[in-house]
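The values are calculated or read from the model by the stated rules, or taken from the named source; none is laboratory data. Every value quoted in this text rests on a predicted model; they were computed, and no experiment measured them. Neighbour counts are summed over all protein chains in view; Cβ atoms, including those assigned to glycine, are modelled from backbone coordinates with ideal geometry.
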């Protein structure tokens, strides 16, 4: 199997070619090493494209390639990037210059990028600010003196933190620790009387392992305003939530019906379970007012969305008059996110507070990296990966009115549409994460398992090796472009099966298995190396060849076992029948067989 780092470097190469198309307004961007700056900004620091444009310094600036400023978290990143091949080493002087020259120029107020100079001037004397020097290198040519230089710098510059990231470090940070400009937010939750709040403080009970907790009878107006403000400032209020917003749920309709009923809305408190909120800390402002620092709703996303939807249709005056006596119970837990024990506790809170809603284990598996990263990569190519339950509704809503954005997706997707799959609406771009994993598993491992036990692919429970070693490491198996090639291969077969007269052939998973059958004939091939090498005309030929094998297999299987189609597809593939098909059936004339051998390097 190919090294995961080699695959990752190939993935970066693919991304850079896409970025060239996206930023082709500037001739400098045509160079890979310059485009890599945009890759670092958009992929490692999650900057939007338009923001990234303003964060790249002047071309050929040897000191700094780009910078990132996160004012909310008080962080400034000064960045140098080297888009090197595997044999190029970073010199001692290059690293030393980066550690000395930029700060010297910025301190002298002489740096030629005025935007960065202004930011630096504004933050350099703020003791709460963290200033980082980050050096990215796309290979593994490490030298011992690199660490010596970094250590010496840290010892003499307490204000700054310097790090050097090689390809393996970039890989780890990309999938598990990429920098996110996380907004901070504080919000007041009130109650009418002091006795409407139960405070559970560990020191009162002399139980140090207890969590600080508050049970508050809160007005739904507070929840409405909390959500309204979070949307306004782009704060991720539901970041830890699993169930998310399933708009067509009957629960949502029932909640909205209660709130819009003038006679029944005061009973809302009795009809609903409590909302669970996790917060970094809680400050008591008075006996009836509590400030939640960085709150996150973990179990009531549907209801909060419904509350917002209903109240937002009223004027501010009417909200205060009509909903002043409508309450909901809030359970607020204080969790230290930097504490590994508390972090595990928070995950369990999310899990168990959603159990009553019949959330299956697949959902918990699908929200984890690297699936979110793969979702970002696929969107760059015009396709929308459905990872979380809410993604379908989110994408439909996002592109409902923004026709230009949707058209741009169509245009990009069609460039990665090998079989001209019809794309007319946003749902044509949807790729469910479980389906994508099924397709890849069917090719690189076993069609039968992918077809009959697909639930294993996204089940994160301890002991499931399929999830641990395959699903969560799918990025180590295949690049994004090649994922799309396999998806197109499968989708084309699926569409042809649906449009066929008998609705049975070609069988999509059989077509994938027959593709893998040919790849395995050459021991030197991997699915990734093969898909990288095959051209479009040969790929279409392979599809037609394996599609024909699928039809012949149905007939041959019935002749051998006397089992009907519906029974056959529940059985494992008989490789003996495949060998006979290739050897004996006239539909596969010698010239076709010879071409297949040539494509798969078997001559």
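So for segment 325-338 (the condition being assigned to a loop (DSSP other than H, G, I, E, B) and at pLDDT 90 or above), does at least one residue qualify? Yes, the conditions are met somewhere in segment 325-338. Of all residues assigned to segment 422-430, at least one qualifies as being in contact with a helix residue (DSSP H, G or I) (Cβ under 6 Å, 6 or more places away or on another chain), modelled with pLDDT of 80 or more and over 22 Å from residue 478 (Cα atoms). Condition check for residue 580 on (1) within 15 Å of residue 512 (Cβ to Cβ); (2) assigned to a helix (DSSP H, G or I): one failure, at (1).
For residue 552, the conditions (1) out of contact with any helix residue (DSSP H, G or I) (no Cβ under 6 Å at 6 or more places or on another chain); (2) farther than 25 Å from residue 14 by Cβ; (3) modelled with pLDDT of 85 or more are fulfilled apart from (1).
Candidates 391, 402, 369: the one that is touching a strand residue (DSSP E or B) at 6+ places or on another chain (Cβ under 9 Å) and at pLDDT below 85 is 391. Checked against the criterion of being in the same structural domain as residue 496 (by TED's automatic domain parsing), in contact (Cβ under 8 Å) with a residue 40 or more places away in the chain and over 19 Å from residue 451 (Cα atoms), segment 546-560 has at least one qualifying residue.
Results for (1) under 19 Å from residue 55 (Cβ atoms); (2) at pLDDT below 85, shown as yes or no for each residue.
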position	(1), (2)
119	yes, no
134	yes, no
158	no, yes
181	yes, yes
184	no, yes
188	no, no
192	no, no
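Here is a yes/no grid of residues against (1) in the same structural domain as residue 44 (by TED's automatic domain parsing); (2) modelled with pLDDT of 90 or more; (3) under 33 Å from the mean Cα position of the chain (by Cα):
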residue	(1), (2), (3)
107	yes, yes, no
128	yes, no, yes
147	yes, no, yes
153	yes, no, no
165	yes, yes, yes
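Just checking, does segment 520-527 include any residue being in contact with a helix residue (DSSP H, G or I) (Cβ under 7 Å, 6 or more places away or on another chain) and more than 27 Å from residue 372 (Cβ to Cβ)? Yes, the conditions are met somewhere in segment 520-527. Within segment 287-311, being touching a strand residue (DSSP E or B) at 6+ places or on another chain (Cβ under 9 Å) and surrounded by fewer than 18 Cβ atoms within 10 Å (Cβ to Cβ) holds for 287, 288, 289, 291, 293.
Pairs linking a residue in segment 94-108 that is farther than 12 Å from residue 157 by Cα to a residue that is in a helix (DSSP H, G or I) and modelled with pLDDT of 90 or more, with Cβ atoms under 7 Å and 6 or more positions apart or on different chains, are 106/117; 106/120.
For (1) surrounded by 14 or more Cβ atoms within 10 Å (Cβ to Cβ); (2) at pLDDT below 90; (3) more than 18 Å from residue 331 (Cα to Cα), each residue gets a yes or a no:
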{"position": "220", "(1), (2), (3)": "yes, no, no"}
{"position": "241", "(1), (2), (3)": "yes, yes, no"}
{"position": "245", "(1), (2), (3)": "yes, yes, yes"}
{"position": "271", "(1), (2), (3)": "no, yes, no"}
{"position": "313", "(1), (2), (3)": "no, yes, yes"}
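Contact annotation: residue pairs with Cβ atoms under 8 Å, 6 or more positions apart or on different chains, pairing a residue in segment 7-21 that is over 15 Å from residue 374 (Cβ atoms) with a partner that is at pLDDT below 85 and surrounded by fewer than 19 Cβ atoms within 10 Å (Cβ to Cβ), are 20/30. Within segment 431-455, the set of residues being surrounded by 20 or more Cβ atoms within 10 Å (Cβ to Cβ), farther than 23 Å from residue 376 by Cβ and either in contact with a strand residue (DSSP E or B) (Cβ under 9 Å, 6 or more places away or on another chain) or free of Cβ contacts under 8 Å to residues at least 60 places away in the same chain (or both) comprises just one member, 450. Assessment of segment 74-87 against the conditions (surrounded by fewer than 22 Cβ atoms within 10 Å (Cβ to Cβ), at pLDDT below 90, touching a strand residue (DSSP E or B) at 6+ places or on another chain (Cβ under 9 Å) and outside any helix (DSSP H, G or I)) yields at least one matching residue. Answer yes or no: is there a residue in segment 531-544 that is under 20 Å from residue 495 (Cβ atoms), over 33 Å from the mean Cα position of the chain (by Cα) and free of Cβ contacts under 8 Å to residues at least 40 places away in the same chain. For segment 531-544, residues under 20 Å from residue 495 (Cβ atoms), over 33 Å from the mean Cα position of the chain (by Cα) and free of Cβ contacts under 8 Å to residues at least 40 places away in the same chain: present.
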